[in-house]
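Below: the structure, in structure tokens.
The values are calculated or read from the model by the stated rules, or taken from the named source; none is laboratory data. All figures in this text were calculated on a predicted structure; none of them were measured in a lab. Ideal geometry is used to build each Cβ from the backbone, glycine not excepted, and the neighbour counts take in all protein chains shown.
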Amino acid sequence: MDIAKEALRGDTTLEVSGLKVFIEERANTMLTNTNIDFSEGQGFILSGMQPSSCGSSCSTC
């Protein structure tokens, strides 16, 4: 994750309570049904992500 001022070509833009989130095209399907939160000290917290289709030992996904 990174902070950006505007979406890049192909990004999906979501806006909630005035906060815009830009999601890269390749990450869009991986983040379906995922909750994204932020906590001081922990940073971004992702919950509800679907497991990778290639298993936990995969390093190419």
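Going by the structure shown, is residue 46 at pLDDT below 90, under 11 Å from the mean Cα position of the chain (by Cα), outside any loop (DSSP other than H, G, I, E, B) and of a type outside the set (Ser, Thr, Tyr)?
Working: at pLDDT below 90: yes; under 11 Å from the mean Cα position of the chain (by Cα): yes; outside any loop (DSSP other than H, G, I, E, B): yes; of a type outside the set (Ser, Thr, Tyr): yes.
Spelling it out, residue 46 is indeed at pLDDT below 90, under 11 Å from the mean Cα position of the chain (by Cα), outside any loop (DSSP other than H, G, I, E, B) and of a type outside the set (Ser, Thr, Tyr).
Residue 20 fails exactly one of the following numbered conditions: (1) surrounded by 10 or more Cβ atoms within 10 Å (Cβ to Cβ); (2) modelled with pLDDT of 90 or more; (3) assigned to a loop (DSSP other than H, G, I, E, B). What is the number of that condition? Status for residue 20: all satisfied but (3). Taken over region 7-17, the criterion of being in a loop (DSSP other than H, G, I, E, B) and among the aliphatic types (A, V, I, L, M) is satisfied by 7, 8. For first residues located in region 5-28 and of a type in the set (Lys, Arg), partners that are surrounded by 10 or more Cβ atoms within 10 Å (Cβ to Cβ) and lie 6+ apart or on another chain with Cβ distances below 7 Å form the pairs 20/13.
In region 23-50, the residue that is surrounded by the most Cβ atoms within 10 Å (Cβ to Cβ) out of those that are at negative phi, of a type in the set (S, T, N, Q) and in contact with a Gly (Cβ under 8 Å, 6 or more places away or on another chain) is 34.
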